[in-house]
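What follows is a set of notes on a single structure, which appears directly below.
The values are calculated or read from the model by the stated rules, or taken from the named source; none is laboratory data. Given the structure is predicted, the values throughout are model-derived calculations rather than measurements. Because the Cβ atoms are built from the backbone with ideal geometry, glycine has one as well, and the counts that use them run over all protein chains shown. The accessibility values were calculated without ligands, DNA or RNA, using every heavy atom of the protein model including side chains. Shrake-Rupley method; radii C 1.70, N 1.55, O 1.52, S 1.80 Å.
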Amino acid sequence: MKLFDVYPLFDVNIVKGKGCHVWDDKGQEYLDLYGGHAVISIGHAHPHYVEAVSKQVATLGFYSNSVINQLQVELAQRLGKISGYDDYQLFLINSGAEANENALKLASFYNGRTRVISFAKAFHGRTSLAVEATNNPKIIAPINANGHVTYLPLNDTEAVKAELAKGDVCAVIIEGIQGVGGIQVPTTEFMQTLRTACDETNTVLILDEIQSGYGRSGKFFAHQYTGIRPDMITVAKGIANGFPMAGVLISPKFTPVYGQLGTTFGGNQLACAAALAVLDVMEADNLVENAAKVGAHLIEELKKFPQIKEVRGEGLMIGLEFNEPVKELRQQLLFDQKVFTGVSGTNVIRLLPPLCLSMEEADEFISRLSKLLK
């Protein structure tokens, strides 16, 4: 059997990681400014994380959600406290797409509606309604194109007020900062208008913080820069530092009903141990504050390059837009300068390093980039 060939791959076999560095099977070291799609939050192979996961899998890796799992209770309490949402409820699943599916389902249970507002360049996942809410026709199969979603321009307050005034919208789903869409940041005015309009029309506001959350922006959630509180928040990526896990933070306005939502693997003991270890390290090493500090330094230095058209983002979620395609530059960064980065579309380099990135490592990236932008 062969692998189903849907990923264009770099000819690099990564076999080891530590902190913000990874190594291939030939022993070559790379600076990791991408964190495996923003997944590595506390750094590769952090010793506390390794110990916690190893200890848990040696004790009990999994049992079903038909019994008490005290690790879930502890995770909910600690996540609520660190995020500022301790009055919310937590539902645990396995992936970001699954988080968005469950949030949209719960929204529809709540108000009985079926229409969803999403935004230009949005990415919310690759399954069922999550992919329909993703503004990319190439990945929406005919079976998923069911007419539930209206896409609006990001930061267009009049357009969103007009649609919500129709009174038939189930939910608005929006990223705290758009990732795949090119590190596009919603304005404070837009987010506050959105919150008010949703309240006035009994529409559910879902904040997709799958990529922009968990400290990456320099606050625990990117939407916290705008002063709003959504009805639901979806998280994944950095929640367990590479172990498959996700969650939905659910406001008190929603009342749970037995059987309404469900999952086999979600919130299993091993996943919870991984997620708790992540919170341990985030708190002990002040990683949210570090993301804000190092990210601000990176953004300041990157804005000095005249070759970069625009630098966007917050914390350690940064987009570098160029006037020309960046495919060759990304390859040069990887193969010549030994730096992993990402892209968004054709012209944007995307930086999503582990939140433990140091000032010295940030400066090392600037130095390596400068060798290519002469």
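Below, the figures for the structure above:
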| item | result |
| --- | --- |
| Of the criteria (1) within 14 Å of Val235 (Cα to Cα); (2) open to solvent by less than 30 Å² (accessible area, probe 1.4 Å), which one Ala76 fails | (2) |
| The range 196-210, subset assigned to a strand (DSSP E or B) and in contact (Cβ under 8 Å) with a residue 60 or more places away in the chain, residue nearest to Thr234 (Cα to Cα) | Asp208 |
| Hey, Ile140 buried (at least 22 other Cβ atoms within 10 Å of the Cβ), touching a helix residue (DSSP H, G or I) at 6+ places or on another chain (Cβ under 6 Å), β-branched (Val, Ile, Thr) and modelled with pLDDT of 95 or more or not | no |
| Output for the range 266-294, where each listed residue is open to solvent by 10 Å² or more (accessible area, probe 1.4 Å), in a helix (DSSP H, G or I) and closer than 28 Å to Ile318 by Cα | Leu276, Asp280, Glu283, Ala284, Val288, Glu289, Asn290, Ala292, Lys293 |
| For Gly167: the one exception among (1) out of contact with any helix residue (DSSP H, G or I) (no Cβ under 8 Å at 6 or more places or on another chain); (2) open to solvent by 10 Å² or more (accessible area, probe 1.4 Å); (3) small (Gly, Ala, Ser); (4) under 22 Å from Leu106 (Cβ atoms) | (1) |
| Pick from the range 46-64, criterion open to solvent by 50 Å² or more (accessible area, probe 1.4 Å) and among the aliphatic types (A, V, I, L, M), ranking: farthest from Val15 (Cα to Cα) | Leu60 |
| Among the candidates Gly213, Gly147, residue that is open to solvent by less than 60 Å² (accessible area, probe 1.4 Å) and not in a strand (DSSP E or B) | Gly213 |
| Test set (1) small (Gly, Ala, Ser); (2) touching a residue at least 60 places away in the same chain (Cβ under 8 Å); (3) part of a loop (DSSP other than H, G, I, E, B) - Ser108 fails condition number | (3) |
| Qualifying positions in the range 17-45 - open to solvent by 40 Å² or more (accessible area, probe 1.4 Å) and either in a loop (DSSP other than H, G, I, E, B) or without any contact (Cβ under 8 Å) to a residue 12 or more places away in the chain (or both) | Trp23, Asp25, Lys26, Gly27, Gln28, Ala45 |
| Scan of the range 162-195 for residues that are closer than 24 Å to Ile239 by Cβ and in a strand (DSSP E or B), ordered by number | Ala171, Val172, Ile173, Ile174, Glu175, Gln178, Gln184 |
| Hits in the range 194-248 (condition: in contact with a Phe, Trp or Tyr (Cβ under 8 Å, 6 or more places away or on another chain), β-branched (Val, Ile, Thr) and over 13 Å from Leu79 (Cα atoms)) | Val204 |
| Residue that is charged (D, E, K, R), open to solvent by 20 Å² or more (accessible area, probe 1.4 Å) and under 23 Å from Pro8 (Cβ atoms), where the choices are Glu364, Glu328, Glu360, Glu314 | Glu328 |
